[in-house]
Structures are given as C-alpha cells and as structure tokens.
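Asker: Quick one: the structure is below, questions incoming.
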Amino acid sequence: MIKIHRTHNPAVLEKTNKTFQTEIAGMNEKEAYDFYKKHSRVYLYNTNETKTHFKIMNKERCSFCTKFIQDFDDEMTVEHIQLKRDAPQLIFEWNNLLCSCRTCNTKRSTKAHSSEKYLDPTNITDIEKYFCYELDGKVYPNQELSRQEQQQAAYMIKLYQLNRKGLVCKRREFMKQIMSDDDFYNSLKTMDEASQNIIFLSVFAYYKRQRMPS
C-alpha cells in the first residue's frame with residue numbers, strides 16, 4: 001500500500017449524500033440499510049464522476065494491492081471502508097470510499113471493519129513503513145514497528161489477501177529485476193509514479209530505502 005492524496009468531494013456524490021441523509025433521518029441502521037437496498041437504483045455512488053475522481057486520485061491503481069487496473073472504467077470497484085450494512089449513514093460519504101480492484105474487493109467481501117486496525121491510505125502519510133517485501137514475493141508487517149502497528153499491517157494483509165498467488169508471483173519477478181539490474185533500478189527512480197511499468201510502487205520504495213547508503 002502507498003500514500004494516496006484524496007481529492008475534493010465529487011459534487012454529485014455530495015448532493016446524493018445530503019439527499020440520502022435527509023431520507024434516513026431518524027432511522028436505525030437496519031432501517032437505513034433496507035431503505036438503501038430498496039432505492040439502490042436511485043442513490044448511486046459509483047458514478048462516472050466518482051470514477052474520474054478515483055482515476056486521478058489513485059493513478060488508476062488499486063488502493064490495496066497497488067496493481068494497475070486494466071480497463072479502469074469497467075473494472076474499478078468502490079470499496080466502503082465501513083461496510084454499507086454496518087454504517088449505512090456513510091454509504092455516500094466520500095471519506096468512507098476507496099478505489100479497489102475487483103479481486104481485493106471480493107477478497108474482503110463482507111468482513112467487518114475494525115477502526116483500531118484498518119489502515120486508510122488517504123489518512124496515513126507514511127503508510128509504506130507498515131510493510132516489508134521479501135525476495136519470495138510476499139509482503140509482511142514491518143518487524144521494526146510497534147506491536148500495534150504490526151497488528152494493523154497484518155490485519156490489512158489478511159483482509160485483502162495481499163499474499164494471494166498472482167500478486168506474490170508478480171512481486172517475486174519484480175524483485176529479481178530490481179536486485180539484478182542496476183540500470184532498471186536507476187530508471188525506476190526517474191519514472192513518473194503513474195507509469196504502468198512500475199508494478200508495485202510500494203515494493204520499489206521499500207527496496208530504495210534498503211539500498212540507500214546509511
């Protein structure tokens with residue numbers, strides 16, 4: 001995971017949120033969620049405007065695995081930090097939404113949100129410090145951090161299954177290239193962060209720190 005700079009609230013989403021809040025005023029969570037399900041074709045969060053904001057904000061990458069999302073407009077999904085069923089009042093709240101690839105979204109599914117452990121990449125400036133990447137392609141909690149921070153990293157890795165086979169294989173190949181090709185490593189340092197050639201910016205950032213002279 002890498003730091004993401006959240007854009008301003010999409011205008012249509014903000015308008016939808018205000019209308020929705022008015023409609024569910026006085027309802028409990030179950031009633032509000034049932035109201036949303038009944039009117040989900042009217043109240044929308046994954047609009048073209050929202051997609052455009054995420055496309056710019058995330059540079060077409062998943063907020064969790066950082067993978068470039070091919071066919072972004074069709075394949076990007078909206079991840080609710082606090083689930084719709086658990087916090088219906090936040091369904092259209094911009095700060096509760098993140099951009100996700102379909103796989104990360106599916107892997108989390110309906111697993112509940114833990115406010116003590118969840119790492120929001122739009123809120124944590126140094127989020128890269130939570131994770132370490134090994135030559136086997138797997139991502140691990142940074143053992144130099146506090147116990148609580150390690151638990152947070154482990155929670156995110158498990159929640160979105162960031163050590164799934166496809167990601168591990170791509171990271172492992174990327175590691176081999178970085179560690180064996182100095183020219184490639186040097187070129188990465190000058191690339192724009194939106195480049196599709198950088199499969200895992202977080203991996204690069206980690207190894208850049210490891211190879212810098214002390």
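Asker: For residues that are in contact with a helix residue (DSSP H, G or I) (Cβ under 6 Å, 6 or more places away or on another chain) and in a helix (DSSP H, G or I), scanning just region 76-93, find the one that is nearest to LYS30 (Cα to Cα).
Answerer: Out of the qualifying residues, it is PRO88.
Asker: State whether the residues of region 143-156 include one that is among the aromatic types (Phe, Trp, Tyr) and over 30 Å from ALA32 (Cβ atoms).
Answerer: no
Asker: When only residues in region 22-59 that are of a type in the set (Asp, Glu) and over 21 Å from ASN95 (Cβ atoms) count, which is surrounded by the most Cβ atoms within 10 Å (Cβ to Cβ)? First the steps, then the outcome.
Answerer: Step one: of region 22-59, the residues of a type in the set (Asp, Glu) are 23, 29, 31, 34, 49.
Filter again for over 21 Å from ASN95 (Cβ atoms), leaving 31, 34.
Values: GLU31: 12, ASP34: 15.
In this case the residue turns out to be ASP34.
Asker: Scan (1) out of contact with any Leu (no Cβ under 7 Å at 6 or more places or on another chain); (2) among the hydroxyl-bearing types (Ser, Thr, Tyr); (3) buried (at least 17 other Cβ atoms within 10 Å of the Cβ) for the single condition THR19 breaks and write down its number.
Answerer: The one condition THR19 does not meet is (3).
Asker: I need a count of the residues in region 128-148 that are touching a helix residue (DSSP H, G or I) at 6+ places or on another chain (Cβ under 6 Å) and of a type in the set (D, E, K, R).
Answerer: 2
Asker: If you don't mind, there's one more thing I want to ask. List the residue pairs whose Cβ atoms are under 9 Å apart, where the first residue sits in region 105-130 and is within 19 Å of ARG164 (Cβ to Cβ) and free of Cβ contacts under 8 Å to residues at least 40 places away in the same chain, the second is buried (at least 16 other Cβ atoms within 10 Å of the Cβ) and among the basic types (Lys, Arg), and the two are 6 or more positions apart or on different chains.
Answerer: Close Cβ pairs satisfying both conditions: THR110/ARG85.
Asker: Related question: Can you pull out every residue in region 143-175 that is part of a loop (DSSP other than H, G, I, E, B) and either loosely packed, with under 15 Cβ neighbours inside 10 Å or of a type in the set (D, E, K, R) (or both)?
Answerer: Correct list: GLN143, GLU144, SER146, ARG164.
Residue-wise test of (1) within 23 Å of LEU167 (Cβ to Cβ); (2) more than 13 Å from the chain's Cα centre (by Cα); (3) not hydroxyl-bearing (Ser, Thr, Tyr).
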site: THR47; (1), (2), (3): no, yes, no
site: PHE54; (1), (2), (3): yes, no, yes
site: PHE64; (1), (2), (3): yes, no, yes
site: ASP74; (1), (2), (3): yes, yes, yes
site: VAL78; (1), (2), (3): yes, no, yes
site: LYS84; (1), (2), (3): no, yes, yes
site: ALA87; (1), (2), (3): no, yes, yes
site: TRP94; (1), (2), (3): no, yes, yes
site: THR103; (1), (2), (3): yes, no, no
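Every read-out reported here was derived from the displayed coordinates using simple, explicitly stated rules and does not represent laboratory data. As the structure is a prediction and not an experimental result, all values here were calculated from the model. Every residue, glycine as well, gets a Cβ built from its backbone with ideal geometry; the counts of neighbours run over all protein chains shown.
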